[in-house]
Protein chains: 2
Amino acid sequence: MIGEKIAKCCLAKDKRCREESMKVNIRIRQATPEDHQRIVEVMRQWWDGRDLSSGLLKIFFHHFQETCFVAENSDTLVGFLVGFFSQSKPEEAYIHFAGVAPEYRRQGVGRALYRRYYTVCQRHGKTVVTSCTSPVNLQSIAYHQRMGFTLVEGNGEVDGFPVFTDYLRPNDPKVLFRLEITD
Amino acid sequence: MIGEKIAKCCLAKDKRCREESMKVNIRIRQATPEDHQRIVEVMRQWWDGRDLSSGLLKIFFHHFQETCFVAENSDTLVGFLVGFFSQSKPEEAYIHFAGVAPEYRRQGVGRALYRRYYTVCQRHGKTVVTSCTSPVNLQSIAYHQRMGFTLVEGNGEVDGFPVFTDYLRPNDPKVLFRLEITD
(Lines give C-alpha, C1' and ligand atoms only; values in the text may rest on other atoms or scores of the structure.)
Protein backbone atom coordinates (compact mmCIF):
# COMPACT_ATOMS: atom_id res chain seq x y z
CA MET A 1 0.00 0.00 0.00
CA ILE A 2 1.58 3.26 -1.10
CA GLY A 3 2.41 5.56 1.75
CA GLU A 4 2.31 2.82 4.35
CA LYS A 5 4.76 3.58 7.10
CA ILE A 6 6.59 0.39 7.83
CA ALA A 7 9.98 1.17 9.26
CA LYS A 8 11.28 3.41 11.92
CA CYS A 9 15.04 3.09 12.09
CA CYS A 10 17.15 4.37 14.88
CA LEU A 11 19.58 6.46 12.91
CA ALA A 12 22.55 8.54 13.84
CA LYS A 13 23.47 11.24 11.35
CA ASP A 14 27.01 11.75 12.66
CA LYS A 15 29.27 10.44 15.34
CA ARG A 16 28.12 12.95 17.95
CA CYS A 17 24.50 12.12 17.28
CA ARG A 18 25.26 8.40 17.32
CA GLU A 19 26.78 8.76 20.75
CA GLU A 20 23.67 10.56 21.89
CA SER A 21 21.55 7.85 20.26
CA MET A 22 19.62 10.51 18.37
CA LYS A 23 16.67 8.88 16.68
CA VAL A 24 15.57 9.87 13.20
CA ASN A 25 12.44 8.49 11.64
CA ILE A 26 13.02 6.87 8.30
CA ARG A 27 9.90 6.10 6.34
CA ILE A 28 9.91 3.38 3.70
CA ARG A 29 7.10 3.38 1.16
CA GLN A 30 6.38 1.96 -2.25
CA ALA A 31 7.90 4.05 -4.99
CA THR A 32 5.72 5.87 -7.52
CA PRO A 33 6.62 6.87 -11.08
CA GLU A 34 7.20 10.40 -9.76
CA ASP A 35 10.06 9.10 -7.61
CA HIS A 36 12.05 7.98 -10.65
CA GLN A 37 13.50 11.39 -11.45
CA ARG A 38 14.49 12.08 -7.84
CA ILE A 39 16.43 8.83 -7.80
CA VAL A 40 18.09 9.42 -11.17
CA GLU A 41 19.32 12.78 -9.91
CA VAL A 42 21.22 11.30 -6.96
CA MET A 43 22.58 8.13 -8.50
CA ARG A 44 25.88 9.51 -9.79
CA GLN A 45 26.70 10.92 -6.37
CA TRP A 46 25.63 7.79 -4.51
CA TRP A 47 27.67 5.56 -6.88
CA ASP A 48 30.97 7.45 -6.49
CA GLY A 49 30.61 9.36 -9.76
CA ARG A 50 29.61 6.35 -11.90
CA ASP A 51 26.45 7.24 -13.82
CA LEU A 52 24.36 4.07 -13.96
CA SER A 53 21.05 5.87 -14.20
CA SER A 54 20.36 4.88 -17.82
CA GLY A 55 19.74 1.35 -16.53
CA LEU A 56 17.07 2.50 -14.10
CA LEU A 57 14.06 2.63 -16.39
CA LYS A 58 10.97 4.51 -15.29
CA ILE A 59 8.83 1.71 -16.70
CA PHE A 60 9.84 -0.32 -13.62
CA PHE A 61 8.08 2.28 -11.49
CA HIS A 62 4.90 1.84 -13.50
CA HIS A 63 4.83 -1.95 -13.56
CA PHE A 64 6.84 -3.23 -10.56
CA GLN A 65 5.51 -0.89 -7.89
CA GLU A 66 5.05 -3.55 -5.23
CA THR A 67 8.80 -4.30 -5.28
CA CYS A 68 10.13 -0.74 -5.63
CA PHE A 69 10.70 1.30 -2.51
CA VAL A 70 12.05 4.62 -1.38
CA ALA A 71 13.36 5.48 2.06
CA GLU A 72 12.87 9.06 3.18
CA ASN A 73 13.85 11.18 6.13
CA SER A 74 11.03 13.71 6.11
CA ASP A 75 11.03 14.67 2.44
CA THR A 76 14.67 13.81 1.81
CA LEU A 77 15.38 10.72 -0.27
CA VAL A 78 17.88 8.63 1.67
CA GLY A 79 17.58 5.24 -0.04
CA PHE A 80 15.76 3.19 -2.64
CA LEU A 81 15.40 -0.35 -3.89
CA VAL A 82 14.10 -1.35 -7.31
CA GLY A 83 13.32 -5.02 -7.81
CA PHE A 84 11.01 -7.30 -9.70
CA PHE A 85 9.96 -10.92 -9.78
CA SER A 86 11.68 -13.08 -12.35
CA GLN A 87 9.12 -14.38 -14.83
CA SER A 88 11.54 -17.02 -16.14
CA LYS A 89 12.33 -18.44 -12.70
CA PRO A 90 9.13 -18.44 -10.62
CA GLU A 91 10.96 -18.90 -7.33
CA GLU A 92 13.27 -15.93 -7.89
CA ALA A 93 13.12 -12.18 -7.26
CA TYR A 94 15.79 -9.85 -8.61
CA ILE A 95 17.12 -6.62 -7.13
CA HIS A 96 17.93 -4.36 -10.06
CA PHE A 97 19.26 -1.40 -8.07
CA ALA A 98 19.51 -0.49 -4.41
CA GLY A 99 21.28 2.50 -2.95
CA VAL A 100 21.59 4.53 0.22
CA ALA A 101 22.76 8.15 0.47
CA PRO A 102 26.41 8.19 1.62
CA GLU A 103 25.62 10.15 4.78
CA TYR A 104 22.95 7.60 5.79
CA ARG A 105 25.02 4.45 5.35
CA ARG A 106 25.74 1.91 8.09
CA GLN A 107 22.61 2.95 9.91
CA GLY A 108 20.22 0.21 8.85
CA VAL A 109 18.51 1.94 5.92
CA GLY A 110 19.66 -0.63 3.36
CA ARG A 111 18.81 -3.51 5.63
CA ALA A 112 15.32 -2.09 6.20
CA LEU A 113 14.80 -1.73 2.43
CA TYR A 114 15.98 -5.29 1.78
CA ARG A 115 13.78 -6.68 4.54
CA ARG A 116 10.78 -4.86 3.20
CA TYR A 117 11.55 -6.36 -0.20
CA TYR A 118 11.97 -9.88 1.22
CA THR A 119 8.59 -9.60 2.94
CA VAL A 120 6.85 -8.84 -0.34
CA CYS A 121 8.81 -11.59 -2.11
CA GLN A 122 7.88 -14.16 0.51
CA ARG A 123 4.23 -13.10 0.33
CA HIS A 124 4.39 -14.02 -3.37
CA GLY A 125 6.10 -17.37 -2.72
CA LYS A 126 9.58 -16.32 -3.81
CA THR A 127 12.38 -18.25 -2.13
CA VAL A 128 15.48 -16.81 -3.78
CA VAL A 129 16.71 -13.24 -4.21
CA THR A 130 19.44 -12.44 -6.71
CA SER A 131 21.32 -9.29 -7.62
CA CYS A 132 24.56 -8.35 -9.33
CA THR A 133 27.29 -5.76 -9.20
CA SER A 134 30.60 -4.93 -10.84
CA PRO A 135 33.73 -6.50 -9.33
CA VAL A 136 35.13 -2.96 -8.91
CA ASN A 137 32.32 -2.18 -6.49
CA LEU A 138 33.98 -3.70 -3.42
CA GLN A 139 31.60 -1.83 -1.14
CA SER A 140 28.59 -3.52 -2.76
CA ILE A 141 30.24 -6.95 -2.62
CA ALA A 142 31.05 -6.53 1.07
CA TYR A 143 27.54 -5.25 1.75
CA HIS A 144 25.88 -8.23 0.09
CA GLN A 145 28.15 -10.61 1.96
CA ARG A 146 27.22 -8.95 5.26
CA MET A 147 23.57 -9.35 4.27
CA GLY A 148 24.08 -13.09 3.86
CA PHE A 149 24.25 -13.30 0.06
CA THR A 150 26.62 -15.80 -1.51
CA LEU A 151 28.61 -15.16 -4.68
CA VAL A 152 27.46 -17.40 -7.52
CA GLU A 153 30.12 -19.38 -9.37
CA GLY A 154 30.44 -17.82 -12.83
CA ASN A 155 32.48 -18.35 -15.97
CA GLY A 156 35.43 -16.18 -14.94
CA GLU A 157 37.22 -14.47 -12.10
CA VAL A 158 38.20 -10.84 -11.45
CA ASP A 159 40.31 -9.83 -8.45
CA GLY A 160 39.52 -13.16 -6.85
CA PHE A 161 35.75 -12.81 -7.26
CA PRO A 162 33.72 -15.19 -9.42
CA VAL A 163 32.11 -13.30 -12.29
CA PHE A 164 29.85 -13.76 -15.28
CA THR A 165 31.78 -12.10 -18.09
CA ASP A 166 28.79 -11.07 -20.24
CA TYR A 167 25.91 -10.96 -17.78
CA LEU A 168 24.55 -7.53 -18.72
CA ARG A 169 26.70 -6.72 -21.77
CA PRO A 170 29.76 -8.19 -23.51
CA ASN A 171 33.06 -8.02 -21.65
CA ASP A 172 31.59 -6.29 -18.60
CA PRO A 173 31.99 -8.88 -15.85
CA LYS A 174 29.44 -8.95 -13.05
CA VAL A 175 29.45 -10.61 -9.66
CA LEU A 176 26.12 -12.38 -9.15
CA PHE A 177 24.64 -12.65 -5.65
CA ARG A 178 22.13 -15.14 -4.35
CA LEU A 179 20.22 -15.41 -1.09
CA GLU A 180 17.65 -17.95 -0.02
CA ILE A 181 14.82 -16.32 1.89
CA THR A 182 12.98 -19.44 3.00
CA ASP A 183 13.59 -18.84 6.70
CA MET B 1 9.91 -23.78 -25.18
CA ILE B 2 13.07 -22.29 -26.63
CA GLY B 3 13.63 -23.17 -30.25
CA GLU B 4 10.03 -24.10 -30.84
CA LYS B 5 9.11 -23.36 -34.43
CA ILE B 6 5.76 -21.67 -34.36
CA ALA B 7 5.37 -19.47 -37.38
CA LYS B 8 5.92 -19.88 -41.03
CA CYS B 9 5.15 -16.63 -42.77
CA CYS B 10 4.71 -16.28 -46.46
CA LEU B 11 7.18 -13.52 -47.12
CA ALA B 12 8.20 -11.63 -50.18
CA LYS B 13 11.64 -10.01 -49.99
CA ASP B 14 11.10 -7.61 -52.88
CA LYS B 15 8.45 -6.70 -55.41
CA ARG B 16 9.58 -9.28 -57.95
CA CYS B 17 9.56 -12.02 -55.35
CA ARG B 18 6.19 -10.88 -54.07
CA GLU B 19 4.75 -11.22 -57.54
CA GLU B 20 6.16 -14.71 -57.73
CA SER B 21 4.78 -15.44 -54.25
CA MET B 22 8.18 -16.62 -53.12
CA LYS B 23 7.87 -18.19 -49.69
CA VAL B 24 10.49 -17.67 -47.01
CA ASN B 25 10.37 -19.49 -43.71
CA ILE B 26 10.45 -17.20 -40.72
CA ARG B 27 11.07 -18.87 -37.43
CA ILE B 28 9.94 -17.27 -34.19
CA ARG B 29 11.47 -18.53 -30.96
CA GLN B 30 11.94 -17.36 -27.40
CA ALA B 31 14.90 -15.04 -27.07
CA THR B 32 17.94 -16.00 -25.01
CA PRO B 33 20.40 -13.68 -23.26
CA GLU B 34 22.78 -14.29 -26.17
CA ASP B 35 20.28 -12.62 -28.53
CA HIS B 36 20.52 -9.30 -26.67
CA GLN B 37 23.70 -8.13 -28.37
CA ARG B 38 22.46 -9.06 -31.85
CA ILE B 39 19.38 -6.93 -31.27
CA VAL B 40 21.30 -3.99 -29.83
CA GLU B 41 23.50 -3.97 -32.92
CA VAL B 42 20.58 -3.48 -35.33
CA MET B 43 18.37 -1.14 -33.32
CA ARG B 44 19.80 2.13 -34.59
CA GLN B 45 19.31 1.06 -38.19
CA TRP B 46 15.83 -0.31 -37.59
CA TRP B 47 14.77 2.90 -35.75
CA ASP B 48 15.84 5.32 -38.49
CA GLY B 49 19.09 6.28 -36.79
CA ARG B 50 17.61 6.83 -33.30
CA ASP B 51 19.67 4.86 -30.77
CA LEU B 52 17.23 3.53 -28.20
CA SER B 53 19.30 0.50 -27.29
CA SER B 54 20.23 1.75 -23.81
CA GLY B 55 16.62 1.06 -22.83
CA LEU B 56 16.79 -2.56 -23.91
CA LEU B 57 18.34 -4.12 -20.84
CA LYS B 58 19.83 -7.58 -21.07
CA ILE B 59 18.31 -8.41 -17.70
CA PHE B 60 14.96 -8.70 -19.53
CA PHE B 61 16.42 -11.59 -21.49
CA HIS B 62 17.37 -13.35 -18.26
CA HIS B 63 14.10 -12.87 -16.42
CA PHE B 64 11.33 -12.36 -19.00
CA GLN B 65 12.25 -15.09 -21.46
CA GLU B 66 8.72 -16.37 -21.97
CA THR B 67 7.65 -12.97 -23.36
CA CYS B 68 10.76 -12.13 -25.38
CA PHE B 69 10.98 -13.39 -28.96
CA VAL B 70 13.19 -13.19 -32.00
CA ALA B 71 12.15 -13.78 -35.59
CA GLU B 72 14.81 -15.23 -37.87
CA ASN B 73 15.14 -16.06 -41.53
CA SER B 74 17.70 -18.85 -41.36
CA ASP B 75 20.28 -17.25 -39.07
CA THR B 76 19.39 -13.66 -39.94
CA LEU B 77 17.60 -11.65 -37.27
CA VAL B 78 14.54 -10.09 -38.91
CA GLY B 79 12.44 -9.09 -35.90
CA PHE B 80 12.10 -9.17 -32.15
CA LEU B 81 9.64 -8.41 -29.37
CA VAL B 82 10.55 -7.80 -25.74
CA GLY B 83 7.68 -7.74 -23.28
CA PHE B 84 6.86 -8.55 -19.71
CA PHE B 85 3.87 -8.95 -17.46
CA SER B 86 3.02 -5.94 -15.35
CA GLN B 87 3.35 -6.84 -11.68
CA SER B 88 1.39 -3.74 -10.60
CA LYS B 89 -1.58 -4.48 -12.88
CA PRO B 90 -2.19 -8.25 -12.90
CA GLU B 91 -4.36 -8.12 -16.01
CA GLU B 92 -1.78 -6.25 -18.08
CA ALA B 93 1.21 -7.19 -20.23
CA TYR B 94 3.56 -4.56 -21.60
CA ILE B 95 5.52 -4.53 -24.84
CA HIS B 96 8.78 -2.76 -24.11
CA PHE B 97 10.26 -2.95 -27.61
CA ALA B 98 9.29 -4.56 -30.88
CA GLY B 99 11.00 -4.11 -34.21
CA VAL B 100 11.22 -5.61 -37.68
CA ALA B 101 14.12 -5.21 -40.12
CA PRO B 102 13.18 -2.56 -42.71
CA GLU B 103 13.50 -5.01 -45.61
CA TYR B 104 11.09 -7.46 -43.92
CA ARG B 105 8.31 -5.01 -43.08
CA ARG B 106 4.71 -5.32 -44.27
CA GLN B 107 5.13 -9.06 -44.62
CA GLY B 108 3.51 -10.26 -41.41
CA VAL B 109 6.61 -10.62 -39.24
CA GLY B 110 5.46 -8.06 -36.67
CA ARG B 111 1.96 -9.46 -36.61
CA ALA B 112 3.35 -12.98 -36.04
CA LEU B 113 5.51 -11.71 -33.15
CA TYR B 114 2.58 -9.88 -31.56
CA ARG B 115 0.31 -12.91 -31.92
CA ARG B 116 2.90 -15.15 -30.34
CA TYR B 117 3.11 -12.68 -27.48
CA TYR B 118 -0.68 -12.49 -27.07
CA THR B 119 -0.85 -16.29 -26.89
CA VAL B 120 1.57 -16.37 -23.97
CA CYS B 121 -0.21 -13.45 -22.31
CA GLN B 122 -3.60 -15.15 -22.60
CA ARG B 123 -2.16 -18.38 -21.24
CA HIS B 124 -1.22 -16.39 -18.13
CA GLY B 125 -4.63 -14.74 -17.85
CA LYS B 126 -3.63 -11.34 -19.18
CA THR B 127 -6.44 -9.42 -20.85
CA VAL B 128 -4.77 -6.14 -21.78
CA VAL B 129 -1.59 -5.36 -23.72
CA THR B 130 -0.04 -1.90 -23.53
CA SER B 131 2.92 -0.27 -25.21
CA CYS B 132 4.18 3.23 -25.93
CA THR B 133 6.05 5.20 -28.53
CA SER B 134 7.14 8.74 -29.26
CA PRO B 135 4.68 10.96 -31.14
CA VAL B 136 7.40 11.52 -33.78
CA ASN B 137 7.26 7.82 -34.61
CA LEU B 138 4.30 8.04 -36.97
CA GLN B 139 5.12 4.63 -38.42
CA SER B 140 4.78 3.00 -34.99
CA ILE B 141 1.53 4.84 -34.26
CA ALA B 142 0.04 3.76 -37.59
CA TYR B 143 1.26 0.20 -37.03
CA HIS B 144 -0.36 -0.07 -33.61
CA GLN B 145 -3.60 1.36 -34.96
CA ARG B 146 -3.60 -1.23 -37.76
CA MET B 147 -3.03 -3.89 -35.11
CA GLY B 148 -6.17 -2.73 -33.29
CA PHE B 149 -4.57 -0.77 -30.44
CA THR B 150 -6.30 2.37 -29.21
CA LEU B 151 -4.45 5.51 -28.10
CA VAL B 152 -4.93 6.16 -24.39
CA GLU B 153 -6.10 9.62 -23.36
CA GLY B 154 -3.13 11.29 -21.65
CA ASN B 155 -2.36 14.63 -20.04
CA GLY B 156 -1.32 16.42 -23.23
CA GLU B 157 -1.38 16.40 -26.99
CA VAL B 158 1.36 16.47 -29.64
CA ASP B 159 0.58 16.77 -33.35
CA GLY B 160 -2.99 15.77 -32.62
CA PHE B 161 -2.05 12.62 -30.68
CA PRO B 162 -2.86 12.21 -26.98
CA VAL B 163 0.35 11.89 -24.97
CA PHE B 164 1.64 11.38 -21.45
CA THR B 165 4.18 14.15 -21.06
CA ASP B 166 6.45 12.42 -18.53
CA TYR B 167 5.72 8.73 -19.03
CA LEU B 168 9.34 7.52 -19.30
CA ARG B 169 11.22 10.73 -18.45
CA PRO B 170 10.40 14.40 -17.91
CA ASN B 171 9.28 16.40 -20.94
CA ASP B 172 9.52 13.44 -23.31
CA PRO B 173 5.91 12.84 -24.35
CA LYS B 174 4.82 9.33 -25.17
CA VAL B 175 1.77 7.96 -26.92
CA LEU B 176 0.37 5.05 -24.89
CA PHE B 177 -1.34 2.16 -26.68
CA ARG B 178 -3.84 -0.30 -25.27
CA LEU B 179 -5.39 -3.46 -26.68
CA GLU B 180 -7.82 -5.86 -25.06
CA ILE B 181 -6.97 -9.45 -25.91
CA THR B 182 -9.98 -11.16 -24.40
CA ASP B 183 -11.31 -12.46 -27.75
Loss of accessible area when A meets B, both sides summed, Å² nearest 100, probe 1.4 Å: 2300 Å²
Radius of gyration and maximum dimension Dmax of the protein assembly as shown, Cα, Å: 22.2, 85
Relative contact order (percent, whole number), chain B, Cα cutoff 8 Å, 6+ residue spacing: 16 percent
Rough spin-label spacing in nm, given labels placed 7 Å along Cα→Cβ, for A:Leu151 and B:Ser88: 3.6 nm
Pairwise centroid distance, computed over Cα atoms, of the range B:138-176 with the range A:20-76, Å: 27 Å
From phi via Karplus (6.51, -1.76, 1.60), per-residue ³J(HN,Hα) for the range B:25-42 in Hz, x at Gly/Pro: 7, 9, 10, 10, 9, 4, 6, 10, x, 5, 6, 3, 5, 4, 5, 3, 5, 9
Karplus (6.51, -1.76, 1.60) ³J(HN,Hα), θ = phi - 60°, over the range B:118-134, in Hz, Gly and Pro reported as x: 4, 4, 5, 4, 5, 4, 9, x, 7, 10, 9, 10, 10, 6, 8, 8, 7
Charge context of B:Lys174, other residues only, Cβ under 15 angstrom, K/R +1, D/E -1: -1
Beta bridges by DSSP in the protein assembly as shown, antiparallel share as percent, to the nearest 5: 90 percent
Prolate/oblate/rounded label for the range B:60-183 (Cα gyration tensor, a/c 1.5): oblate
Within the accessible area of chain A (1.4 Å probe), percent carbon and sulfur: 48 percent
Given A:Lys58/B:Lys126; B:Lys58/B:Lys126; A:Lys174/B:Lys89; A:Lys58/A:Lys126, the pairs whose alpha carbons are separated by over 29 Å: A:Lys174/B:Lys89
Estimated FRET transfer efficiency when R0 is 41 angstrom, pair A:Glu103-A:Thr182 (beta carbons, to 0.05): 0.75
Debye, to nearest 20: dipole size of the protein assembly as shown, +1 on Lys, Arg Cβ, -1 on Asp, Glu Cβ: 400 debye
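The values are calculated or read from the model by the stated rules, or taken from the named source; none is laboratory data. Computed from a predicted structure; not experimentally measured. Virtual Cβ from ideal backbone geometry, glycine too; neighbours counted across all protein chains shown. Note: accessible area is taken over every heavy atom of the protein model, side chains too, but ligands, DNA and RNA are not part of it. Shrake-Rupley method; radii C 1.70, N 1.55, O 1.52, S 1.80 Å.
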